[in-house]
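Have a look at the structure below, then the notes.
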Amino acid sequence: MNLFVTGGAGFIGTNFVRMALESGHRVLNYDALTYAGRRDNLIEFEGAAGYHFVHADICDSAYLNREMSHGFDGKPFDAIINIAAESHVDRSLNFATSFSKTNCVGVTSLLETALKNKVNTFIQVSTDEVYGSLGESGSFTLESPLRPSSPYSASKAAGDLVALSFAHSFGVDVRITRCTNNYGPYQYPEKFIPTIITHALAGKEIPVFAQGLNVRDWIFVDDHCSAILSVLEKGKTGGIYHFGGSTELTNIELLHVILGILAEKTGKEKEEYTKLIKFVTDRPGHDLRYSLDWSDSKKELGWQPQTKFQDGIRKTVGWYLDNKKWWQHLQISR
Ligand code: NAD
């Protein structure tokens with residue numbers, strides 16, 4: 001298929017573009033290269049057959065229209081996969097407007113341009129965070145109400161609703177994916193797992209919110225990418241699909257797993273790393289726990305995660321150890 005992929009220079013986007021090309025799709029990668037979109041990530045695709053890159057913003061309707069109307073080498077696009085987003089919750093607390101802009105206005109301009117150019121299938125890559133926070137047990141289902149609690153998750157929920165309105169009003173073949181926390185290669189160092197690894201390797205304090213008891217369900221990024229492809233191949237119009245890794249961990253549990261792997265791989269004592277842990281004031285409005293019931297996706301799409309957490313996390317730590325040049329010069333904040 002000819003795919004119009006947005007955000008393909010970011011974490012999930014880079015891994016998705018690779019998988020889509022390997023699966024035989026043609027990809028136009030449309031990305032604004034914000035701080036999170038990295039030119040370095042694109043090097044591996046340079047010169048690949050069936051691949052083009054366009055440096056532009058999804059809020060720029062004129063540019064979008066020009067690219068979409070040209071098609072892929074003159075052939076119409078079959079689907080848009082919207083992975084572009086402002087994605088970091090902490091940043092959304094300080095720069096909420098840019099989140100609303102990209103995650104809601106950008107989605108709207110993509111949908112309008114899709115409609116104009118008759119690109120019928122639109123996959124909106126969304127998040128479990130649109131449902132808000134859970135207590136210590138249970139999982140969000142497809143019937144759970146949207147109760148986003150950060151400017152990030154609110155802007156993603158808004159984007160999802162606009163997308164569904166285009167299915168209802170204009171018959172656009174909208175499909176939405178909602179996934180739990182991803183980990184893997186190419187994740188920007190501001191996120192929790194790369195923060196742990198890069199701070200530990202740099203001998204810097206490792207910040208942990210409150211007592212580190214917030215719980216997230218972790219999925220290896222390739223499993224999320226294969227989920228998006230399965231929605232492209234087998235999903236239905238108006239369908240909302242949940243994906244998760246069935247690996248719930250508190251932040252402090254996750255931290256200790258990673259520091260253990262780092263100690264083993266670097267030959268240092270784990271204590272060298274654990275002494276860097278610094279408990280910091282909690283994020284305002286920090287959601288306690290997320291978990292998704294993804295049994296419908298398993299039934300309808302035949303999808304399930306393939307990577308065991310112990311394998312995926314070792315691979316991830318190994319990638320950051322082998323690719324210090326990728327992250328060492330980046331501003332590491334939190
Ligand atoms: P990321 O921040 O690593 O990458 C975002 C990409 O979007 C970057 O390449 C950036 O340059 C691009 N971008 C941002 N604004 C743009 C704009 N206005 N126009 C064009 N491109 C723009 O994010 P990520 O972690 O890869 O997340 C991608 C998507 O997956 C997001 O929609 C996010 O909500 C969703 N998601 C992420 C996770 C996760 O754990 N990372 C989990 C579930 C869902």
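The values are calculated or read from the model by the stated rules, or taken from the named source; none is laboratory data. Every value quoted in this text rests on a predicted model; they were computed, and no experiment measured them. In this analysis, Cβ positions are derived from the backbone assuming ideal geometry, glycine residues included, and neighbour counts consider all displayed protein chains. Heads up: the accessible areas ignore ligands, DNA and RNA and are worked out on the full protein's heavy atoms, side chains in. Shrake-Rupley method; radii C 1.70, N 1.55, O 1.52, S 1.80 Å.
Is the stretch 37-52 home to any residue that is within 16 Å of residue 2 (Cα to Cα), modelled with pLDDT of 95 or more, within 16 Å of the ligand (Cβ to nearest atom) and open to solvent by 60 Å² or more (accessible area, probe 1.4 Å)? Looking for residues that are within 16 Å of residue 2 (Cα to Cα), modelled with pLDDT of 95 or more, within 16 Å of the ligand (Cβ to nearest atom) and open to solvent by 60 Å² or more (accessible area, probe 1.4 Å), one finds at least one in the stretch 37-52, hence yes. Taken together, the residues in the stretch 181-229 that are within 10 Å of the ligand (Cβ to nearest atom) and within 24 Å of residue 33 (Cα to Cα) amount to 14. Would you say residue 162 is farther than 30 Å from residue 252 by Cα, in contact (Cβ under 8 Å) with a residue 60 or more places away in the chain and more than 9 Å from the ligand (Cβ to nearest atom)? No; evaluated as a whole, the condition is false for this residue. Candidates in the stretch 82-138 are the residues that are open to solvent by less than 10 Å² (accessible area, probe 1.4 Å) and part of a loop (DSSP other than H, G, I, E, B); of these, the one that is nearest to the ligand (Cβ to nearest atom) is 132. Taking strands (runs of 3 or more DSSP E) as the structural unit, those lying wholly within the stretch 165-283 and holding at least 1 residues that are open to solvent by less than 10 Å² (accessible area, probe 1.4 Å) and touching a strand residue (DSSP E or B) at 6+ places or on another chain (Cβ under 9 Å) correspond to 173-179, 181-183, 206-209, 215-220, 240-243. Cβ-Cβ contacts under 7 Å between residues 6 or more apart (or on different chains), taken from a first residue in the stretch 305-334 that is closer than 18 Å to residue 259 by Cα to a second residue that is among the small types (Gly, Ala, Ser) and modelled with pLDDT of 95 or more, are listed as 309/245; 312/184; 316/184.
Sub-6 Å Cβ pairs linking a first residue in the stretch 220-238 that is among the aliphatic types (A, V, I, L, M) to a second residue that is in a helix (DSSP H, G or I) and open to solvent by less than 10 Å² (accessible area, probe 1.4 Å), at least 6 apart or interchain, are 221/15, ordered by first then second residue.
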